[in-house]
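Okay, structure first, notes after.
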Amino acid sequence: MLLWYNSRNCESEGGGKKMKAKREHGDSVDGERDLKRQRVVDSPSSPPEEPLVPYNDDEDDERRALNHIGSREEDGHRVESEEEDDDDEDDPYGLGSTLGRSNRQVEVRRDCPYLDTVNRQVLDFDFEKFCSVSLSNLNVYACLVCGKYYQGRGKKSHAYTHSLEAGHHVYINLRTEKVYCLPDGYEINDPSLDDIRHVLYPRFSREQLEQLDKNKQWSRALDGSDYLPGMVGLNNIQKTDFVNVTIQSLMRVTPLRNFFLIPENYQHCRSQLVHRFGELTRKIWHARNFKGQVSPHEFLQAVMKASKKRFRIGVQCEPVEFMSWLLNTLHADLRTSKKSSSIVHKCFQGELEVVKETQSKAIGEKKESDGEQNGALKITDGQIENNNVAAETYRMPFLMLGLDLPEPPLFKDVMEKNIIPQVPLFNILKKFDGEMVTTTVRPPARMRYRVTKLPQYFILHMRRFTKNNFFREKNPTLVNFPVKNLELKDYIPLPAPTKENEKLRTKYDLIANVVHDGKPDEGFYRVFVQRKSEELWYEMQDLHVSETLPQMVALSEAYMQIYEQQQ
């Protein structure tokens, strides 16, 4: 019996050595797959097989993760599974390995001893959510002690390493808004951190939207500076004043602002530009910011990507080009089908009737061959031709109207200074009365425009800049315009309302006025905006916000204006 036992023992030992050698050297791919499958499936009721499995830290975490997927809540403890499993999938560095503890349960605690180390003065969530070490945007956490961004919170992650090296223990997930203590790994559930979550992702209710234009209270930031919600200065990163004045102008458009303050309105949209614009809108109107200004860095990155670097940091552009591109892009991204509308078109879209007169080559050649000098011909296919002129009438939508300024004088006056001419806004609005002829060079044509439908918000653009082969020139003509009660029906013939009880609203009030100062290539932009709650005017130039008089608004070189229709 003794001999038989020893030989059996030797055979099992020899077999174990062979199996161990085979697994260590990896003779076949199938053997490795079987090995991994065996490690996951084997139950604790087969202990003899366990010593034969070579230990691997990464695969052990993987096995524990797979064993945990099915469990959601045990013994009244909260178990992190769904969100953190997503993090593991997004995690190329094995950064979710903290969850590979027993049962992968994440303890939720309220009494964290490190909450007093949170430094709200250094927190800035305006920049892109990228890890400061790996430059990855997956599973990023912000250190609430120093404000830096790190990836993951597992034992091999950058956040875990930072917690050990720097002794910073409190981190917030920038996507899920959950706060964790590292290296311990438990979740912190404390109401004192709610203000940080509100700064990370500001929230507004429907009731708050109704009070925004009635609020007269100032807010105080952590640094002691006072600011008005909605009148927050925007950081000029590098020659981005053309973006800042456009954003500040659009923030006065109430329906557009209210739409983007509620993320549920556009949660179906996959466009990064739409979501970044919504985040920027919520930060500008948030009443509990940690600082009295906002940096549009994330929004600018989305603009660079969506415009294929047509608008980028460090290159000056015209606000009217950016406004036109932004409104059209937001509309295209928000609509659910080609025929559907969007909040952009509901606010800004009007309609023009265009009459285009061009020289008819075919008729001219026929007259030359027939020797006709003076003759009138009509063609009944939508075009009327008379004396070699073909007139075509069609309707087209518009989001803004471009106004032509009169040419400045070439000669100086007695004081050796150029006279700066002035022109009333009504004179240059006659371009759209349906009678004034505008000549185009390419292609040569005579155009007549007439407004047939007024939008709720009227955007006007004064064409101050002209380009030629040598340089860019600016027209300094001042435009005299009313700040309130701009009556359009006295200058533009408008159609009668289609419905019987509908009233034709033709009075407008100015809400934003973009101004250009300085030379054409070296100047800068600023904007005058109105605060509805007190009907006060503020001058905004990047970070500088100051109250001004309504009379000062009309004494500037207006470049782009937004008028609101009186209801």
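The values are calculated or read from the model by the stated rules, or taken from the named source; none is laboratory data. Being a predicted model, the structure only gives us computed values, none of them experimental. Glycine gets a Cβ as well: all are built from the backbone with ideal geometry, and neighbour counts include every protein chain shown. When the accessible area is computed, the model is the full protein with side chains, heavy atoms only, and any ligands, DNA or RNA have been set aside. Shrake-Rupley method; radii C 1.70, N 1.55, O 1.52, S 1.80 Å.
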Spot the failing condition for GLY147; the list is (1) of a type outside the set (S, T, N, Q); (2) within 21 Å of GLU279 (Cα to Cα); (3) part of a helix (DSSP H, G or I), and only one is missed. (3)
Taking region 125-149 and keeping only residues that are open to solvent by 40 Å² or more (accessible area, probe 1.4 Å) and of a type in the set (A, V, I, L, M), one is left with VAL133, LEU135, LEU138
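Can you confirm whether LYS148 is over 29 Å from ARG282 (Cα atoms) and among the basic types (Lys, Arg)?
No; evaluated as a whole, the condition is false for this residue.
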Residue check, THR548 under 30 Å from VAL294 (Cβ atoms) and either open to solvent by less than 50 Å² (accessible area, probe 1.4 Å) or acidic (Asp, Glu) (or both): yes
Can you report the number of residues in region 514-527 which are out of contact with any Ser or Thr (no Cβ under 7 Å at 6 or more places or on another chain) and part of a strand (DSSP E or B)? 5
Can you list residue pairs whose Cβ atoms sit under 9 Å apart, with the first residue in region 467-478 being under 22 Å from VAL515 (Cβ atoms) and assigned by the TED database to the domain that holds ASP521 and the second being among the aromatic types (Phe, Trp, Tyr) and assigned to a strand (DSSP E or B)? Count only pairs 6 or more apart in sequence or on different chains. ARG472/PHE465; GLU473/PHE465; LYS474/PHE465; ASN475/PHE465
Only residues that are open to solvent by 20 Å² or more (accessible area, probe 1.4 Å), touching a residue at least 60 places away in the same chain (Cβ under 8 Å) and among the hydrophobic types (A, V, I, L, M, F, W, C): list them for region 286-316, please. ALA287, PHE290, ILE313, VAL315
If you check GLN541 against the conditions, is it out of contact with any Pro (no Cβ under 9 Å at 6 or more places or on another chain), surrounded by fewer than 14 Cβ atoms within 10 Å (Cβ to Cβ) and more than 25 Å from PRO408 (Cα to Cα)? no
Checking LEU273 against (1) over 15 Å from the mean Cα position of the chain (by Cα); (2) open to solvent by less than 10 Å² (accessible area, probe 1.4 Å), only one condition comes out false. Which one? (1)
Per the filter on region 491-534, residues modelled with pLDDT of 90 or more and either assigned by the TED database to the domain that holds LYS214 or of a type in the set (Gly, Ala, Ser) (or both) are ALA512
I'm trying to understand the selection: among the residues of region 489-513, which are in a strand (DSSP E or B) and among the charged types (D, E, K, R)? LYS507, ASP509
Only unsatisfied item for GLU210, checking (1) in a helix (DSSP H, G or I); (2) touching a residue at least 24 places away in the same chain (Cβ under 8 Å); (3) open to solvent by 10 Å² or more (accessible area, probe 1.4 Å), is (2)
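A quick yes/no check of all residues on (1) in a helix (DSSP H, G or I); (2) charged (D, E, K, R); (3) under 14 Å from THR329 (Cβ atoms):
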| residue | (1), (2), (3) |
| --- | --- |
| THR246 | yes, no, yes |
| ARG252 | no, yes, no |
| ASN258 | yes, no, no |
| LEU273 | yes, no, yes |
| LEU280 | yes, no, no |
Please give the number of the condition TYR180 fails out of (1) assigned to a loop (DSSP other than H, G, I, E, B); (2) surrounded by 14 or more Cβ atoms within 10 Å (Cβ to Cβ); (3) not charged (D, E, K, R). (1)
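Residues are listed down the side, and each one gets a yes or a no for (1) hydrophobic (A, V, I, L, M, F, W, C); (2) open to solvent by 80 Å² or more (accessible area, probe 1.4 Å); (3) under 17 Å from TYR491 (Cα atoms):
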{"residue": "ASN427", "(1), (2), (3)": "no, no, yes"}
{"residue": "LYS430", "(1), (2), (3)": "no, yes, yes"}
{"residue": "GLU435", "(1), (2), (3)": "no, yes, yes"}
{"residue": "ARG442", "(1), (2), (3)": "no, yes, no"}
{"residue": "ARG450", "(1), (2), (3)": "no, no, yes"}
{"residue": "LYS453", "(1), (2), (3)": "no, yes, yes"}
{"residue": "PHE458", "(1), (2), (3)": "yes, no, yes"}
{"residue": "HIS461", "(1), (2), (3)": "no, no, no"}
{"residue": "ARG464", "(1), (2), (3)": "no, no, no"}
What's the number of the only condition in (1) under 26 Å from the mean Cα position of the chain (by Cα); (2) open to solvent by 10 Å² or more (accessible area, probe 1.4 Å); (3) of a type outside the set (Gly, Ala, Ser) that LEU164 fails to meet? (1)
